[in-house]
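For reference, the structure discussed in these notes is given below.
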Amino acid sequence: MSQGHDFDELVASLRQIDGQRDKGKHPPNSHFRSKPFLHFHNGPHRTYADVRFGGDFEPVTASTPKQREVLLEQVKAHVIAELASRQRKRG
């Protein structure tokens, strides 16, 4: 994701990550491994995602293009690591 992507482009990129299930359009939210994983909050001064990287949801600010890029990379890395872990356990 390059600088300048807006919220809708972020959401489109997140929806393309394998392993997630899209559960809602407005606000966007998804499940991973049959559990709530990511949803957004849009306020007048800030947009952020609550993401479950482990136990509890963690807020990740997504108001600027750079913050959206960081969020996308964090989600991708987490999903890839979780899917790889699952494959090793099956292996």
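Each reported figure results from applying straightforward, stated rules to the coordinates on display, with no laboratory input. Just so we're clear, the structure is a prediction, and the values are computed from it rather than from any experiment. Cβ coordinates were reconstructed from backbone atoms using ideal geometry, including for glycine residues, and neighbour counts include every protein chain displayed.
Would you be able to tell me the number of residues in region 61-91 that are among the hydrophobic types (A, V, I, L, M, F, W, C) and more than 16 Å from D6 (Cα to Cα)?
Residues of region 61-91 among the hydrophobic types (A, V, I, L, M, F, W, C): 62, 70-72, 75, 77, 79-81, 83-84.
Those still in the list that are more than 16 Å from D6 (Cα to Cα) too: 75, 77, 79-81, 83-84.
So the count comes out to 7.
Can you give me the number of residues within region 12-34 that are more than 13 Å from the chain's Cα centre (by Cα) and under 21 Å from L83 (Cβ atoms)?
Going through region 12-34 one residue at a time, the tally reaches 2.
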